[in-house]
Amino acid sequence: MVATTKKPKRTPGLPNGQTLGFKTGNEMAAMAAKHINFHIMGYFPITPSTEIAEYLDEMYAEGEHDIRLIAADGEHGGAGICYGASTGGGRVFNATSSQGLLYSLEQFPVQSGTRFPMVLDLVTRSINGPLDIRGDHSDLYFTLNTGWIILLARDPQAVYDLNILAVRLSEHPDVRLPVIVAYDGFFTSHQKRQVTYFEDMEPVQGFVGNYQATHTTLDPRNPITVGPYMNDPDLINNKYQLNLAMEAAYRVLPDILQEYGKLSGRTYPVVDCYKMEDAEVALVLLNSAAETAKDVADQLREQGLKVGVVSPNVLRPFPAEEIREAIGNTKAVLIAERADSYGGHGNALTHEVKSALKDDPENRTLCLSRIYGLGGKDFLNEDAEALFRLALEAADTGKVKKLFDYHGVTPSNPSNGNASRVLPPFTKEEMSPGLVSAARDPETGELRVQTPPLWKLATRSRIIAPGHGACPGCGMFPAIDQLFKGMEGDIVVLYQTGCAMVVTTGYPFSSHRVNYIHNLFQNGAATLSGLVEMFHEKQRRGELPEGEDITFVMVTGDGGMDIGMGSAIGAALRNHKMIILEYDNQGYMNTGSQLSYSTPIGHMTSTSHVGTAQGGKASHHKDTLQIMAACHLPYVFSSVEGYADDLVKKAAKAQWYARNEGLAYGKVLISCPLNWRVADEVGTDIVQEAVDCNFFPLYEIEQGRTKITYDPEAVGRKIPVGQWLGKMGKTRHMTRPEYKAQIEAFETEVERRWRRLKAMHEHPDL
């Protein structure tokens, strides 16, 4: 039962208890989801869709809805959670963007092919590489052939309305297909507009009705098989039925739109036509750009030019008949999109519009195609006017000078030549100063490390140059610098997506003075392992200089060992000669401090709020080191940024093992003042207390043998867990009396893990 909360003030004159507000597209998506009150939301944070889950979690903490939000291990896992939940006959919701869509894409045809409804908000964003977090439509076009219905929301109001409409359409007995509601990242997702929405969920609940699932896997008396293996001709029959379902969606959608119009007072045609009654020239655009073009159309109309704008509200099923009717009488039309179908001489939208016109044998409309706005480049009034002028010229001359091109690219200047280096590359002597050494003791077999005083190591040049954009007090780069100071020789680094990657490689500059690679969260370890094996194979073939030696290091963090765990375990089981360093800041900081599996229980994040119905993260933190140690790696270690001597020595060991035996894994706790909600200058003190309360013990596992390298009890520094928690803004609530049971459970688990670690330390085989 949803708890009662303070209701917004009702606005007189609006139908069915609606109110006015000023909200973003992401806020309206969350508002619609709350009013629908889905059963399950499986999700994974990715910019710019992350806010939807954040808003919903905040609402959940205050008892405003009953949606069970499940933080997945990655977008692929999130899609699996949603699919599994949908087979149980309930309402399911998700939101994603860009690479998250691609990572989960495998699941899309599974969901549509087995005909289980759900709603997914796609907050559109540029596809890598290179990495760009701004909004275009390059992710959207990967969904066209997945069997999902696609609705297009041009503004925050449409985001709210189409999410509600999507439920009715998805669950229609003749349709039963999943639905995507796509809207522009940052342009619509983060910009506030005046909107109207229902004061509470009753009108929405009445419109969507009770979901009557055709099949469910939660009825033991009526068992079904979902997703069976199909032989010829069964699969083609299945896909024909999916095609019929899409045709049914095309047929029933106008009635659903009309019914919602009566409820809300807002109507949505299948294709939005602006000033098209007598238009001789038109632009075909999707979503927010169409609204910009409408303003320009008004200006050109004042000049006596008969122009208009056509913008579909539905992309699948494609409204070919409505498109043909809208632009069939124009002399010229320019179809422009924020995505290219590389090598296809025009985006997919271009070819579908052309096909619609071609089905009218009398049509003589000239068609131009342009790509604009990739990577979130603004589409301004002057851009819309430039496109109108191209179409007007074609209409006047009856000729098209260039059928397909890009609009808005910046020509290169050949006189600039190649970009010059800001910093020179390292020399061999700089990379191998002979300050650190590691070697096996010939008698005991123990790996012994020799390191100079820290002041002497401080004179070494930094692999990461000054100039990065990390937050004040961030512990990433002190820790990474200490790690590399413990290594000798040439290094290649791979960074998974995360804060450390984003703040050091803003084009056209780089803070890295060694060879650097980026790949996404989920595949960094596999990528680096491929490079490692290429290095050794080229050595074997004599294609590299004799005596060449390189240490390969992957830097991960910000939840990278959630979504990237499978790839890391795969590399560990193959035992490639490389190092994986995980910096642990206890969350997904690069996307706005969402909960990670590394986030401890009770800690407040932007997806584990504290309120009357929820008290921070509900589960204990992930013990990555023990997981990796279970892969029987030659060397695993933990350290913190404040123990430079400890980290340097362990880095030297890790390098020796990575050169001689296989994969080494290290986990380093770093401070994150911004999201831990502490002053910049106290981050290292809080890291110290995390060690002293046994939350983050310092140890190593070498050849399967565990050794604690710092015991706070032995040196008289042991403190209670509660003392550490009380120092951070994100956990200060846990010290209140109502959280006594939670903090006791936390302390119990911390001490249990510490006792277990001490037992392993004392055992000769553990």
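The values are calculated or read from the model by the stated rules, or taken from the named source; none is laboratory data. Because the structure is predicted, anything quoted here is derived from the model rather than measured. Note that each Cβ is placed from the backbone with ideal geometry, even for glycine, and that neighbours are counted across all protein chains shown.
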Take the conditions at pLDDT 95 or above, in a strand (DSSP E or B) and either assigned by TED's automatic domain parsing to the domain that holds Ser529 or among the aliphatic types (A, V, I, L, M) (or both) and apply them to Leu633. Does it pass?
no
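Conditions (1) modelled with pLDDT of 95 or more; (2) under 23 Å from Thr599 (Cα atoms); (3) within 17 Å of the chain's Cα centre (by Cα), marked per residue:
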site: Asn16; (1), (2), (3): no, no, no
site: Phe22; (1), (2), (3): yes, no, no
site: Glu27; (1), (2), (3): yes, no, no
site: Tyr83; (1), (2), (3): yes, no, no
site: Gly88; (1), (2), (3): yes, no, no
site: Val119; (1), (2), (3): yes, no, no
site: Asn128; (1), (2), (3): no, no, yes
Among the candidates Ala33, Ala61, Ala29, Ala85, single out the residue that is within 26 Å of Gly498 (Cβ to Cβ) and among the aliphatic types (A, V, I, L, M).
Ala29
Conditions: (1) touching an Asp or Glu at 6+ places or on another chain (Cβ under 9 Å); (2) part of a loop (DSSP other than H, G, I, E, B); (3) among the small types (Gly, Ala, Ser). Gly469 meets all but one. Number of the miss?
(1)
hydroxyl-bearing (Ser, Thr, Tyr), modelled with pLDDT under 95 and either crowded, with 17+ Cβ neighbours inside 10 Å or more than 21 Å from the chain's Cα centre (by Cα) (or both): is that true of Thr5 in this structure?
yes
Limited to segment 365-386, what total is found for residues that are touching a residue at least 24 places away in the same chain (Cβ under 8 Å) and over 27 Å from the mean Cα position of the chain (by Cα)?
11
Selection from segment 353-409 of residues that are part of a loop (DSSP other than H, G, I, E, B) and within 20 Å of Ile323 (Cα to Cα):
Asp359, Asp360, Pro361, Glu362, Asn363, Arg364, Thr365, Leu403
Filter segment 168-203 for residues that are more than 16 Å from Gly147 (Cα to Cα) and among the aliphatic types (A, V, I, L, M); which is modelled with the highest pLDDT?
Val195
Yes or no: Pro45 buried (at least 24 other Cβ atoms within 10 Å of the Cβ) and part of a loop (DSSP other than H, G, I, E, B)?
yes
Check off (1) out of contact with any Ser or Thr (no Cβ under 7 Å at 6 or more places or on another chain); (2) within 18 Å of Val179 (Cβ to Cβ) for Gln99 and give me the number that stays unchecked.
(2)
Just to verify a result, which residue in segment 647-658, among those that are over 10 Å from Gly486 (Cβ atoms) and not hydroxyl-bearing (Ser, Thr, Tyr), is nearest to the chain's Cα centre (by Cα)?
Ala658
Identify the residue in segment 658-685 that is hydroxyl-bearing (Ser, Thr, Tyr) and not in a helix (DSSP H, G or I) and, among all such residues, is surrounded by the most Cβ atoms within 10 Å (Cβ to Cβ).
Tyr665
Counting only residues that are of a type in the set (A, V, I, L, M, F, W, C) and either without any contact (Cβ under 8 Å) to a residue 12 or more places away in the chain or more than 28 Å from Leu674 (Cα to Cα) (or both), segment 708-734 contains a total of 3
